[in-house]
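Structure first, then comments.
The values are calculated or read from the model by the stated rules, or taken from the named source; none is laboratory data. A quick note: this is a predicted structure, and the numbers were derived from the prediction, not measured. Here the Cβ positions follow ideal geometry from the backbone for every residue, glycine too, while neighbour counts run over all protein chains shown. Only protein heavy atoms, including side chains, enter the accessible area calculation; ligands, DNA and RNA are left aside. Shrake-Rupley method; radii C 1.70, N 1.55, O 1.52, S 1.80 Å.
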Amino acid sequence: MTNTIRRSGIKIMASLIALLGSLAYIMVLAVINGSVGFICAMGVTLMGAIGIAKALGESIALSYGWIITLTIGFGILRGFLRYIEQYSNHYIAFKLLAVLRDKIFRALRTLTPAKLESKQKGAIIAMITADIETLEVFYAHTISPICIAIIVSLIVFLFVGMISSWYLAIVALIGYLLIGIILPMISSARLKESGVRYRAEFSSFNAYFLDSIKGIKDIVLMNGDDNRRQQVNHRSDLLLQETKKMKHDTARATATTELFVSLFIILTLVVGILLVTNNQLTIGRMLIGVVAVFGSFGPVIAVSALPGNLTQTFASGDRVLNLLAEKPVVTEITTGKDFTYNDLHVDKLSFSYDKNINVLNDISMHASKGEIVGIVGKSGCGKSTLLKLLLRFWQKDTGNISYNNIDIEDINTNSLLSNVTMVSQVTYLFDTTIEENLRIAKADATLEEIQDACRKASIHDFILTLPDGYQTQVGALGDNLSAGEKQRIGLARAFLRGSSLILLDEPTSNVDSINEGIILKSLKEQKQNHSIILVSHRESTMAIADRIYRAEEGVLYEQH
């Protein structure tokens with residue numbers, strides 16, 4: 001996780017605003033309502049000043065009755081317009097949050113699994129939750145205030161200049177520019193680093209804490225809970241320190257803004273008094289101008305307070321935009337060929353993750369329907385990488401991978417994934433029923449199809465012993481399911497999927513000899529309808545293989 005923003009704040013804002021799309025008209029409505037609403041709020045006090053000016057002898061066309069009526073009307077209208085403004089802003093915000101989450105999930109779907117192998121899941125969860133929520137502040141409380149501040153400041157400047165004095169108007173304009181532009185720029189520069197550090201530390205802590213929760217059982221079994229707790233507390237203290245620094249910097253910026261607002265209010269009053277003293281302005285006109293200026297700093301104060309939130313918004317926005325802009329290692333093929341699997345040929349395949357050191361060197365192998373092909377070798381020799389290349393999760397460097405004599409680069413992605421299924425070392429079960437977990441492989445499967453797949457994986461009888469059978473909640477079972485039982489549910493998914501080629505990545509690495517025997521027996525019984533590539537570091541697993549390849553340091557040898 002980097003601690004610097006790659007894009008400038010302006011570029012991030014422009015990119016986020018561009019996401020408004022068809023919702024831009026609602027944002028315009030929010031700005032108009034906000035601007036008119038604030039003018040109405042000013043109108044309440046301004047009518048009071050006009051009433052006093054009239055009493056002091058100023059020539060005011062409005063009667064006292066109209067002044068009172070307008071004061072009440074402005075107050076009521078202010079409340080109504082404020083409601084519309086906030087409703088519009090939050091409607092846009094929450095609508096866009098849904099759009100952003102959809103975009104992120106689509107991006108993750110495109111990047112999976114190659115890119116995500118190097119990403120912390122906790123950091124991704126932080127992006128989907130905390131970062132997206134931070135952007136809500138931008139859409140609901142940033143764009144409108146900036147536009148409202150510009151519009152209101154311009155209207156007040158012209159009003160004070162024409163009704164009261166251009167000297168007062170110029171003083172107000174200088175205040176608007178200093179408080180609304182210069183101070184936020186200075187504050188943003190100071191808050192930028194602390195805000196980015198805070199978001200980065202928050203994301204890092206989130207990832208570490210999530211890992212701690214997921215691995216709590218192993219932590220306790222390894223008697224590592226004291227050390228882990230100390231690390232969590234240490235990271236929590238670091239996050240607290242960054243939070244305090246950011247809050248301190250934000251409070252200092254807020255105090256500076258309030259100080260300058262007070263100074264400009266005093267300066268406006270002093271200038272007004274001097275103008276009256278020099279007979280350049282009447283007391284009534286001075287009162288109207290000064291009250292108008294006094295009540296107009298609200299929007300620019302809101303803008304001046306933005307850097308505290310914007311630093312986090314920029315950090316969150318930059319991470320989200322980076323993910324959306326990230327290019328997948330491989331792109332989906334939609335204009336290629338469809339096929340029905342019969343055989344696989346790999347010829348002189350080479351691959352490296354960093355384009356420097358090859359993980360696979362000049363690999364050649366083949367597999368046909370009705371046979372089990374075993375690949376045995378030590379951990380880290382490239383076996384799992386080969387399986388991922390067979391699914392085109394990564395882009396091969398040199399050589400050929402072909403199905404039915406069709407190069408993998410010419411096969412439609414959907415067709416490839418329909419014909420080839422991989423069961424990984426660890427089967428993940430969702431917190432729902434066993435039946436729904438199996439339907440991940442085939443959503444419209446009948447119960448008979450599900451049960452048949454489970455029989456093939458030798459897990460059906462076990463499921464029937466559970467309290468609610470196939471309707472048993474996996475979450476209720478927790479860790480009561482053994483690794484072997486989870487692995488067999490994963491195998492049942494593969495059979496239910498109906499793919500002709502099944503890739504098994506260390507299917508018995510986490511199970512005992514009894515479960516290994518059950519899984520291998522199931523595979524052997526089903527091989528006539530499938531082609532199975534079985535990867536393992538265990539020699540015993542290779543007992544059911546029709547042909548065996550031995551992997552050593554990225555090279556594959558057929559064992560005779």
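Tabulated results
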| item | result |
| --- | --- |
| From I450, I434, I401, I408, residue being touching a Phe, Trp or Tyr at 6+ places or on another chain (Cβ under 6 Å) and open to solvent by less than 50 Å² (accessible area, probe 1.4 Å) | I434 |
| Test result for I514, exposed (fewer than 13 other Cβ atoms within 10 Å of the Cβ), more than 26 Å from G399 (Cβ to Cβ) and aliphatic (A, V, I, L, M) | yes |
| Exclusive hit being open to solvent by less than 70 Å² (accessible area, probe 1.4 Å) and either over 18 Å from the mean Cα position of the chain (by Cα) or over 26 Å from L111 (Cβ atoms) (or both), set V320, V373 | V373 |
| Check on S35, at pLDDT 85 or above, within 35 Å of the chain's Cα centre (by Cα) and of a type in the set (S, T, N, Q) | yes |
| Count - residues of the stretch 518-548 that are touching an Asp or Glu at 6+ places or on another chain (Cβ under 8 Å), more than 19 Å from Q425 (Cβ to Cβ) and not in a helix (DSSP H, G or I) | 4 |
| Criterion: open to solvent by 30 Å² or more (accessible area, probe 1.4 Å) and in contact with a Phe, Trp or Tyr (Cβ under 6 Å, 6 or more places away or on another chain) - qualifying residue of K456, K486 | K456 |
| Flag if K378 is touching a residue at least 12 places away in the same chain (Cβ under 8 Å) and surrounded by 17 or more Cβ atoms within 10 Å (Cβ to Cβ) | no |
| Single match in L108, L97 (criterion: closer than 18 Å to S22 by Cβ, assigned to a helix (DSSP H, G or I) and either open to solvent by 80 Å² or more (accessible area, probe 1.4 Å) or at pLDDT 75 or above (or both)) | L97 |
| Enumeration of residues in the stretch 532-560 that are acidic (D, E) and under 44 Å from the mean Cα position of the chain (by Cα) | E539, E552, E553 |
| Selection count where residues are open to solvent by less than 50 Å² (accessible area, probe 1.4 Å), in contact with a Ser or Thr (Cβ under 8 Å, 6 or more places away or on another chain) and not β-branched (V, I, T), scope the stretch 205-257 | 5 |
| Residue in the stretch 46-65 that is open to solvent by less than 80 Å² (accessible area, probe 1.4 Å), within 48 Å of the chain's Cα centre (by Cα), farther than 30 Å from F205 by Cα and modelled with pLDDT of 85 or more present | yes |
| Residues of the stretch 144-170 classified as open to solvent by less than 20 Å² (accessible area, probe 1.4 Å) and under 18 Å from G298 (Cα atoms), total | 9 |
| Only one of L491, L466 that is out of contact with any Leu (no Cβ under 7 Å at 6 or more places or on another chain), outside any helix (DSSP H, G or I) and among the aliphatic types (A, V, I, L, M) | L466 |
| Qualifying residue in the stretch 258-279 (condition: open to solvent by 80 Å² or more (accessible area, probe 1.4 Å), part of a loop (DSSP other than H, G, I, E, B) and polar (S, T, N, Q)) | yes |
| The lone exception for S22 - which of (1) polar (S, T, N, Q); (2) within 47 Å of the chain's Cα centre (by Cα); (3) open to solvent by less than 80 Å² (accessible area, probe 1.4 Å) it fails | (3) |
| Residue check, L191 out of contact with any Phe, Trp or Tyr (no Cβ under 9 Å at 6 or more places or on another chain) and surrounded by 14 or more Cβ atoms within 10 Å (Cβ to Cβ) | yes |
| Meets criteria (over 30 Å from I179 (Cβ atoms) and assigned to a helix (DSSP H, G or I)) for D211 | yes |
| Within the stretch 435-463, considering residues that are among the aliphatic types (A, V, I, L, M) and in a helix (DSSP H, G or I), the one nearest to F495 (Cα to Cα) | A453 |
| Only one of I301, I333 that is open to solvent by 10 Å² or more (accessible area, probe 1.4 Å), within 30 Å of F138 (Cβ to Cβ), of a type in the set (A, V, I, L, M) and touching a residue at least 60 places away in the same chain (Cβ under 8 Å) | I301 |
| Members of the stretch 304-317 that are of a type outside the set (V, I, T) and either touching a residue at least 60 places away in the same chain (Cβ under 8 Å) or crowded, with 24+ Cβ neighbours inside 10 Å (or both) | S304, L306, P307, G308, N309, L310, Q312, F314, A315, S316, G317 |
